[in-house]
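Participant: Here it is: the structure, laid out below.
Computed from the coordinates by the stated procedures, all read-outs in this text should not be read as laboratory data. For clarity, every value in this text was computed on a predicted model and none was experimentally measured. All Cβ positions, even for glycine, are placed from backbone atoms using ideal geometry, and neighbour counts span all protein chains on display.
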Amino acid sequence: MSDIEIIQDKCVGCGACLSSCPYGAITLQDNLAVIDDDKCTLCGACVSSCGFDAILIRKDQVEKADISDFKGVWVFAEQKNGQVQSISYELMGEGRKLADALGVELAAVIMGHKIGDACQDLIWRGADKVYAVDDPALEHFCDEPYARIMADLIKEYKPEIVLGGASTIGRALIPRVAIKARTGLTADCTSLAIDEEKRILLQTRPAFGGNIMATIICPNHRPQMATVRHKVMKEAECDKTRQGQIIKKSFDKATLASRTSVAQVVEEATNMIKLTEADIIVSGGRGMKAPENFTLVENLARAVGGAVGASRAAVDAGWLPYSHQVGQTGKTVAPKLYIACGISGAIQHLVGMQSSDCIIAINKDPEAPIFKVASYGIVGDVFEVLPALTKKLQETCGK
Amino acid sequence: MNIVVCIKQVPDTTDVRIDPATNTLIREGVPSIINPFDMYAIEEALRLREKLGGKVTVISMGPPQVTEALKEAISMGVDDAILLSDRAFAGADTWATSYTLSMGIRKMGGADVILCGKQAIDGDTAQVGPGVAEFLDIPQVTYVKKIEQIDDKKAKVWRMTEEGYEVVDTSLPAMFTVVKEINEPRLPSLKGKMKAKSFQPTIWKAADIAADEKNIGLNGSPTNVVKIFTPPVRSGGIILQGDINEAVATVVEGLKERQII
């Protein structure tokens with residue numbers, strides 16, 4: 001059985017590991033760290049925190065799958081109505097980099113119905129090969145047939161890396177594929193790199209709502225699989241001179257069968273920009289005081305071409321629908337600019353937006369925690385600051 | 001109807017403080033709670049039982065202290081709770097966790113409906129729900145915001161998407177992972193609290209669920225964490241007080257410099 005050990009000769013009793021443990025499993029006894037097996041989950045957070053290499057997690061020697069003949073980088077390309085989704089262009093951009101670093105081919109897998117143009121598009125975006133499965137049964141995303149097909153293709157062609165989007169589709173589909181393929185999957189990565197010496201994929205992702213980062217590897221199983229967060233990687237450029245090969249695959253009825261079916265697709269009528277797609281987000285919180293005051297937030301968003309977000313307090317008060325909520329129980333966003341209006345900055349809100357490139361906070365309380373993460377903080381009344389900022393930005397942007 | 005809810009005990013981030021010097025979480029002494037998304041799953045299970053009859057069982061994998069989370073579920077009105085607890089389960093990634101939970105559910109005799117929160121707030125992977133569904137070979141619908149119709153054989157549910165939602169028909173048994181919008185979790189009742197006080201969950205070890213040791217815990221996990229680090233601290237921002245027009249002008253200049261506008 002695997003286990004964790006404090007190497008007593010190395011432990012200096014500094015206590016750094018105590019605060020790293022999310023489960024409160026470490027105590028100091030006689031100036032040595034002691035781990036309570038009843039609380040420890042072997043998560044490994046303490047190992048990195050120790051400056052003296054005094055904590056060791058021992059993993060039993062496990063049987064190694066034969067990984068030598070896995071080669072190439074794959075991207076699962078999402079399409080809706082035959083149009084490749086922007087998140088998949090980002091994966092193509094990142095996939096191309098990884099494939100070039102390894103000196104291997106980049107392939108895209110696409111499923112749907114009437115997807116000929118999308119296949120060509122993927123070649124222009126950097127695919128050397130496109131595996132295309134075109135069938136009426138695959139018109140809408142369905143977990144089971146998509147997962148079976150993906151797993152079958154992996155079994156047949158043996159790629160070493162498979163990337164998918166950390167979207168509602170990717171995060172439903174890719175976990176099922178990873179179970180079928182008996183391999184590791186890292187969710188919602190924000191950075192990928194190749195360890196050139198070992199030829200393995202280094203997958204970095206935020207955990208605890210972005211308060212810690214973890215780098216994860218999948219050393220003994222193939223493919224190495226990851227879903228990648230939207231809006232983090234750069235989209236592949238479209239080069240219409242690129243050449244590539246489209247390989248059409250078809251599957252039998254049993255593979256295409258699904259116990260779920262989409263009865264209706266409802267696009268919620270909104271003229272507002274989607275939060276996860278937006279480069280600029282203007283959010284309002286409890287400090288907006290009443291739903292009608294959100295016009296101020298909307299006006300500012302319009303002036304800069306941004307989306308409207310809200311804190312949990314504003315959503316729970318019924319001022320805006322849940323789809324606008326930013327934070328731990330809402331959406332995690334990382335736009336170029338995030339403007340927080342009348343939001344105090346509870347930790348649950350901060351974890352949903354603190355990766356934004358630039359943050360402007362407007363709050364009348366100079367002690368509000370939101371100012372700790374702000375690039376620019378304006379201490380003042382939102383009802384005075386917002387109109388002034390909107391006017392100035394309208395003048396500047398000419399909208 | 002036999003309803004199973006998979007829950008996870010997580011550190012309560014509402015109690016997490018940030019160390020002002022290092023801008024990192026102070027996690028010492030942070031109490032544990034039921035993952036907030038799992039509360040919606042528990043509530044939905046209770047509502048299904050109220051509508052259709054049957055039994056609600058929660059299942060969790062973790063160290064003995066997870067008993068507290070299971071007792072809390074009991075206090076909300078859940079009928080029974082099972083804890084998969086064995087040192088051999090420790091260090092499991094989502095592959096091994098999904099396997100272990102699915103073996104626990106098999107040992108229970110399966111379920112008509114399995115509910116999970118859409119993801120846990122510590123790991124944020126959203127992978128275990130689909131993983132369990134795959135191991136049990138049942139259909140799944142993720143990001144469910146409404147169960148519109150349900151009977152013994154089938155259900156019609158709303159699945160949240162980036163653009164809106166899809167209405168999805170599924171046969172049962174099925175796995176649903178739920179979002180916050182689905183309901184408002186109830187508070188524990190007095191009767192529930194009384195029951196929880198003396199309640200002890202059934203504890204199953206690896207051998208009890210016939211788990212293959214190659215598939216559990218750290219050994220069964222294809223992924224390894226090689227490094228955990230704190231993201232770079234946000235450099236000190238500019239705090240503007242006093243005249244609003246001046247402050248606004250400074251900010252807009254700054255945005256121009258950063259080429260954001």
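Participant: Can you tell me, using C-alpha contacts under 8 Å and at least 6 residues apart, the relative contact order of the range A:333-399 as a whole percent? Walk me through the numbers before you get to the answer.
Facilitator: Working: 98 pairs, mean separation 19.7, N = 67.
Worked out over the range A:333-399, it gives 29 percent.
Participant: Then there is this: May I ask for the angle, rounded to the nearest 10°, between helix B:244-257 and the longest principal axis of chain B, with both axes built from Cα atoms and the value confined to 0 to 90°?
Facilitator: Between helix and principal axis, roughly 80 degrees.
Participant: Ok, one more. Per residue of the range B:87-100, what does 6.51 cos²θ - 1.76 cosθ + 1.60 with θ = phi - 60° give for ³J(HN,Hα)? Whole Hz please, x for Gly and Pro, Karplus curve as stated.
Facilitator: Once θ is set to phi - 60°, the couplings for the range B:87-100 become 4, 5, 7, 5, x, 5, 8, 5, 5, 5, 5, 4, 4, 5 Hz.
Participant: Also, I was wondering about something else. Using Stokes-Einstein with the Kirkwood hydrodynamic radius over Cα pairs, what translational diffusion coefficient do you get for the range B:189-242 at 10 °C and a viscosity of 1.306 mPa s, in µm²/s rounded to a whole number? Provide the component values of the computation, followed by the final result.
Facilitator: Working: Rh = 17.6 Å.
The Stokes-Einstein estimate is 90 µm²/s.
Participant: Work out, step by step, the length gained on full extension between B:Ala210 and B:Thr250: first 0.36 nm times the residue separation, then minus their alpha carbon distance; give nm to one decimal.
Facilitator: Working: separation 40, 0.36 × 40 = 14.40 nm, distance 6.57 nm.
Using 0.36 nm per residue and subtracting the Cα-Cα distance, I get 7.8 nm.
Participant: If you count the DSSP beta bridges with both ends in the protein assembly as shown, what percent of them are antiparallel, to the nearest 5?
Facilitator: 40 percent
Participant: Rounded to whole Hz and in sequence order, give me ³J(HN,Hα) for the range B:63-79 from the Karplus expression 6.51 cos²θ - 1.76 cosθ + 1.60, θ = phi - 60°, writing x for Gly and Pro.
Facilitator: Coupling constants for the range B:63-79: x, x, 5, 5, 3, 4, 5, 5, 5, 5, 4, 4, 5, 7, x, 5, 6 Hz.
Participant: Averaged across the residues of A:38-50, what count of C-beta atoms belonging to other chains lies within 10 Å of each residue's C-beta?
Facilitator: Numbers: counts 5, 6, 4, 11, 9, 7, 7, 3, 1, 4, 6, 3, 0.
Neighbouring Cβ atoms belonging to other protein chains average 5 per residue here.
Participant: Once amide H atoms are placed 1.01 Å from N in the peptide plane, what residues at a sequence separation of 5 or more from A:Ile359, or on another chain, have their amide H within under 5 Å of its amide H?
Facilitator: Correct list: A:Tyr338, A:Ser375, A:Tyr376.
Participant: Which of the helices in chain A, when you take each full DSSP H run, stretch at least 20 Å along the axis at their Cα atoms and have an average Kyte-Doolittle score of 1.0 or higher?
Facilitator: none
Participant: If you look at just the Cα atoms of the range A:162-224, how large are its Rg and its Dmax in Å?
Facilitator: Using the Cα atoms of the range A:162-224, the pair Rg, Dmax is 11.9, 34 Å.
Participant: Sticking with this one: Given a Förster distance of 22 Å, report the FRET efficiency between A:Ala193 and A:Lys234 from their Cβ-Cβ distance, rounded to the nearest 0.05.
Facilitator: Details: r = 15 Å, r/R0 = 0.66.
The pair A:Ala193/A:Lys234 has a calculated efficiency of 0.90.
Participant: Once every Cα of the range B:122-261 carries one equal point scatterer and solvent is ignored, give the base-10 log of I(q)/I(0) from the Debye formula at q = 0.11, 0.12, 0.20 Å⁻¹, two decimals.
Facilitator: So the normalised log intensities are -0.84, -0.92, -1.23.
Participant: Next up: Report the full-extension gain for the segment A:Ala65 to A:Glu395: residue separation times 0.36 nm, less the Cα-Cα distance, to one decimal in nm.
Facilitator: Additional length available on full extension: 112.6 nm.
Participant: At R0 = 51 Å, how high is the FRET efficiency between A:Glu156 and A:Glu298 if r is their beta carbon distance? Nearest 0.05 is fine.
Facilitator: Details: r = 51 Å, r/R0 = 1.00.
E between A:Glu156 and A:Glu298, to the nearest 0.05, is 0.50.
Participant: Over all residues in B:241-250, what is the mean tally of Cβ atoms on other chains that come within 10 Å of each residue's Cβ? Please report the intermediate quantities before stating the final value.
Facilitator: Working: counts 5, 3, 1, 10, 6, 0, 9, 14, 3, 2.
Per residue, the number of nearby Cβ atoms from other chains is 5 on average.
Participant: For the range A:133-163, list residues with backbone N below 16 Å from a point placed 7 Å from the Cα of B:Glu148 toward its Cβ?
Facilitator: Label zone hits: none.
Participant: What ranking do B:157-166, A:164-173 get when scored by the average of other Cβ atoms within 10 Å per residue, highest first? It would help to have the intermediate numbers written out before the result.
Facilitator: Details: B:157-166: 20.0, A:164-173: 24.4.
Ranking the peptides B:157-166, A:164-173 by packing returns A:164-173, B:157-166.
Participant: How large is the charge dipole for the protein assembly as shown, taken about the Cα centre, if only the Cβ atoms of Lys, Arg (+1) and Asp, Glu (-1) carry charge, to the nearest 20 debye? It would help to have the intermediate numbers written out before the result.
Facilitator: Working: 74 positive and 84 negative charges, 133 e Å.
With Lys and Arg at +1 and Asp and Glu at -1, about 640 debye.
Participant: Along each of the three principal axes of the Cα atoms of the range A:73-253, give the extent in whole Å, ordering the values from largest to smallest.
Facilitator: 43, 36, 29
Participant: Please report the relative contact order for the range A:1-72, taking Cα pairs under 8 Å with a sequence separation of at least 6, and give it as a percent rounded to a whole number. Kindly include the intermediate steps, with their values, before the conclusion.
Facilitator: Values: 95 pairs, mean separation 28.3, N = 72.
It comes to 39 percent, rounded to a whole number.
Participant: Could you state the principal axis extents of the C-alpha atoms in the range B:138-202, from the largest down, to the nearest angstrom?
Facilitator: Computed over the range B:138-202, the largest-to-smallest principal extents equal 44, 25, 19 Å.
Participant: With θ set to phi - 60°, apply the Karplus curve 6.51 cos²θ - 1.76 cosθ + 1.60 along the range B:123-133 and write out the HN-Hα couplings as whole Hz, x wherever there is a Gly or Pro.
Facilitator: x, 6, 8, 6, 9, 6, x, x, x, 5, 4
Participant: Using unit Cβ charges (K, R positive; D, E negative) and no other charged atoms, how large, in debye to the nearest 20, is the dipole of chain B about its Cα centre?
Facilitator: Numbers: 30 positive and 35 negative charges, 146 e Å.
Charge dipole of chain B: 700 debye, to the nearest 20.
Participant: Please give the per residue volume of the convex hull enclosing the alpha carbon atoms of the range A:261-399, rounded to a whole number of Å³. Show your work: numbers first, answer last.
Facilitator: Numbers: hull volume 16.0 nm³, N = 139.
For the range A:261-399, the hull spanned by Cα atoms encloses 115 Å³ per residue.
Participant: Please identify every one of the GluC sites (Glu not before Pro) in the range A:147-243 that sits in a loop by DSSP and has no more than 12 other beta carbons within 10 Å of its own beta carbon.
Facilitator: Working: sites: A:Glu156, A:Glu160, A:Glu196, A:Glu197, A:Glu235, A:Glu237; in loops: A:Glu160, A:Glu196, A:Glu197, A:Glu235, A:Glu237.
Taking the range A:147-243 and a limit of 12 other Cβ atoms within 10 Å, the loop GluC sites (Glu not before Pro) found are A:Glu196, A:Glu197.
Participant: When the convex hull of the Cα atoms of the protein assembly as shown is projected onto a plane and the area is averaged over all directions, what value comes out in nm²?
Facilitator: Numbers: hull surface 119.2 nm².
About 29.8 nm², averaged over all directions.
Participant: Find the relative contact order for the range B:2-215 and round it to a whole percent, using C-alpha pairs within less than 8 Å whose residues are 6+ positions apart. Intermediate values should be presented prior to the final figure.
Facilitator: Values: 452 pairs, mean separation 55.1, N = 214.
Computed value for the range B:2-215: 26 percent relative contact order.
Participant: At a Cα cut-off below 17 Å, give the lysines reachable from A:Lys114, other chains included and same-chain residues fewer than 8 away excluded.
Facilitator: Correct list for A:Lys114: A:Lys80, A:Lys248, A:Lys249.
Participant: State the percent of C-alpha pairs, over all pairs in the range A:3-58, separated by a distance greater than 16 angstrom.
Facilitator: Value for the range A:3-58: 27 percent of Cα pairs lie more than 16 Å apart.
Participant: Return the average number of partner chain Cβ atoms within 10 angstrom of each residue Cβ along peptide B:212-220. Show your work: numbers first, answer last.
Facilitator: Values: counts 0, 2, 3, 1, 2, 7, 12, 7, 2.
Partner-chain Cβ atoms within 10 Å, mean over residues of B:212-220: 4.
Participant: How much mean residue ellipticity at 222 nm does chain A get from its helices, if each DSSP H run of length 4 or more adds -39500 (n - 2.57) and you divide by all residues, to the nearest 500 deg cm²/dmol? Working shown, then result.
Facilitator: Working: 12 runs with 109 residues, N = 399.
Calculated from helices alone, the mean residue ellipticity at 222 nm is -7500 deg cm²/dmol.
Participant: I want to check the label-to-label distance for A:Asp316 and B:Arg186. Put each point 7 Å from Cα in the C-beta direction and report it in nm to one decimal.
Facilitator: 2.1 nm
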